[in-house]
Amino acid sequence: MSRLRLDAVRSLCFALTLTVGAAAVSSAGAQTYPPGPVQLVVTTAAGGSGDFVARAFAERLSEELGQPVIIENQPTGNGNLAVSQVARAKPDGQTLLFTNDSTLTVNPHLYKNMAVNPFRDLSPISTMTRMDMVLTVNAQSPFRSVKDVIDEAKKNPGKLNYASTGLGTQLHIGLELFKAKTKTDIVHVPYRGNTGAMADLMGGRVEMILIGVPGAKAQMDGGRLRVLAVAASKRAPLLPDVPTMAEAGVPDYEVSSWYGALAPAKTPQPILDRLSAAARKIAADPRFVSTMGTRGMEVVGNTPAEMTGVMRADSEKWGRVIADTGTKVE
């Protein structure tokens with residue numbers, strides 16, 4: 001073999017070595033997430049806002065991980081069953097939790113002897129969306145402002161009722177905070193989900209409810225509900241003509257709900273890092289942002305440390321409200 005030909009063969013072998021090495025590195029990077037279906041346990045029922053966000057998240061997470069993501073709706077026990085199920089799952093990245101904030105930051109203060117501690121038994125991945133709450137009444141209600149509600153509640157303590165979709169939800173604890181700030185006596189009427197609560201509100205059997213912007217806007221546009229105020233520091237883009245609670249006369253009153261993803265505690269750090277990176281990439285995806293925007297939700301996409309900070313701050317806030325108001329779950 002001529003020297004020129006020998007040099008050419010050596011060059012080719014060297015190039016092939018580099019190519020195989022690069023492929024091996026690429027393959028190793030792809031294998032940082034274990035293969036197999038991912039079960040996403042959702043603490044809300046199918047068809048609600050939480051389920052809507054979870055399914056949009058699952059679709060894009062599947063794209064990012066290259067694995068199928070299967071939704072399991074598990075709303076039983078106000079989300080506590082789902083939390084326990086994920087906390088006890090094998091920490092291998094194949095079972096994840098998608099939940100709202102109240103499950104993590106309100107329930108531990110309401111329920112005695114909870115077997116699971118979200119801060120000890122779960123590993124945060126990312127908060128994905130945030131949604132402001134609004135105080136809403138029947139479109140035929142005599143109440144046209146928050147002041148009207150407060151005046152009537154003070155004039156006739158215990159006469160007015162408010163609906164919630166269950167004990168311990170933001171719709172429940174949020175209005176207990178409203179009562180505390182306005183020094184009013186309004187009776188809580190809990191329902192097993194959104195359907196019954198909204199039916200009785202529109203039927204005039206309860207006077208008010210605290211719900212998310214998307215649901216309120218849909219019913220307001222249909223002429224069935226009237227939105228009195230947004231429980232946020234700024235007006236909602238979907239409801240620009242509705243005042244904030246501060247503008248309506250109740251300062252320092254903010255209630256929002258967020259949805260986020262978590263894994264079992266002791267999940268290996270490389271898997272958590274992979275999930276965290278995927279979640280932030282999903283949050284930056286214009287498709288996801290647009291989809292959430294149509295439902296009045298703000299996309300977040302924070303780090304595990306940032307999500308932990310949000311959880312701790314909310315837990316302290318709602319723990320104080322529950323203690324100060326004497327709210328209990330029998």
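The values are calculated or read from the model by the stated rules, or taken from the named source; none is laboratory data. Because the structure is predicted, anything quoted here is derived from the model rather than measured. Because the Cβ atoms are built from the backbone with ideal geometry, glycine has one as well, and the counts that use them run over all protein chains shown.
The table for this structure:
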{"quantity": "ARG130 being closer than 30 Å to ARG274 by Cα and out of contact with any helix residue (DSSP H, G or I) (no Cβ under 7 Å at 6 or more places or on another chain)", "calculated": "yes"}
{"quantity": "The range 58-76 - residue that is small (Gly, Ala, Ser) and over 17 Å from the mean Cα position of the chain (by Cα) and, of those, farthest from ALA263 (Cα to Cα)", "calculated": "GLY66"}
{"quantity": "Within the range 63-172, helices (runs of 4 or more DSSP H) holding 3 or more residues that are touching a residue at least 40 places away in the same chain (Cβ under 8 Å) and either buried (at least 23 other Cβ atoms within 10 Å of the Cβ) or among the small types (Gly, Ala, Ser) (or both)", "calculated": "80-87, 101-105"}
{"quantity": "Answer from VAL227, VAL250, VAL189 - the residue that is over 21 Å from the mean Cα position of the chain (by Cα), without any contact (Cβ under 8 Å) to a residue 60 or more places away in the chain and either farther than 25 Å from VAL106 by Cβ or not in a helix (DSSP H, G or I) (or both)", "calculated": "VAL189"}
{"quantity": "Boolean, SER257 is within 30 Å of LEU96 (Cα to Cα) and part of a strand (DSSP E or B)", "calculated": "yes"}
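A quick yes/no check of all residues on (1) assigned by TED's automatic domain parsing to the domain that holds GLY203; (2) within 28 Å of ALA180 (Cβ to Cβ); (3) modelled with pLDDT of 95 or more:
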site: GLN219; (1), (2), (3): yes, yes, no
site: PRO240; (1), (2), (3): no, no, no
site: MET245; (1), (2), (3): no, yes, yes
site: GLY249; (1), (2), (3): no, yes, yes
site: ASP252; (1), (2), (3): no, yes, no
site: PRO264; (1), (2), (3): no, no, yes
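Here is a yes/no grid of residues against (1) over 18 Å from SER49 (Cβ atoms); (2) among the small types (Gly, Ala, Ser); (3) surrounded by 15 or more Cβ atoms within 10 Å (Cβ to Cβ); (4) under 15 Å from the mean Cα position of the chain (by Cα):
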{"position": "TRP258", "(1), (2), (3), (4)": "no, no, yes, yes"}
{"position": "ALA261", "(1), (2), (3), (4)": "no, yes, yes, yes"}
{"position": "THR267", "(1), (2), (3), (4)": "yes, no, yes, no"}
{"position": "ALA279", "(1), (2), (3), (4)": "yes, yes, yes, yes"}
{"position": "GLU298", "(1), (2), (3), (4)": "no, no, yes, yes"}
{"position": "TRP318", "(1), (2), (3), (4)": "yes, no, yes, no"}
